[in-house]
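Everything below concerns the one structure shown next.
None of the figures in this text is laboratory data; all of them are computed from the coordinates on show. As the structure is a prediction and not an experimental result, all values here were calculated from the model. In this analysis, Cβ positions are derived from the backbone assuming ideal geometry, glycine residues included, and neighbour counts consider all displayed protein chains.
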Amino acid sequence: MAAEPEPGEVAAGEAAAGPRPHRYALWTRTTARPEGGGRAAGRDASAPARQWPILVVLGGVALGLVLTAADHFRAGTVLVGAALLVGGALRFTLPSVGMLAVRSRFTDVITYLVLGTGIVLLALMVQPDPILDVPFLEDIIRFSVR
């Protein structure tokens, strides 16, 4: 049985027409990095500067949690949702976002936007004195619970 050729080598039975142009290795040996998962700054920058997108999002979430703990529930949760929306915008616009990239760009953006929008909407609808009133939600609860 013939041994597997190394990436870039010509396999037995193939014409030696030169190296094949390809972006990725032919055989995946490890888990591929997510798209945009490279550093957001060069190697010469400090660690926080290389990962500034995730630090912006985590800072917004941390500030929102501090506000929530300080008895400003609505403002804190709106800030948490806004931080996720900013994360979605950064993931959509920047080519390299460091650790903010978890999955493919499409999945990351959709996840950040759906979660951020949901948290903001729920924070605006929370009782008492909701800022956002959705009339059909009361009907849904009435017919589903009773």
Extension gain, Val56 back to Leu121 (0.36 nm per residue minus Cα-Cα distance, nm): 21.2 nm
Paired Rg and Dmax values of the range 58-146, which use every Cα atom, in angstrom: 15.7, 51
Point-to-point label distance, Ser96-Leu65, nm (Cα→Cβ direction, 7 Å offset): 2.9 nm
FRET efficiency, 1/(1 + (r/R0)^6) with R0 30 Å, evaluated for Arg105 and Ala41 via beta carbons: 0.95
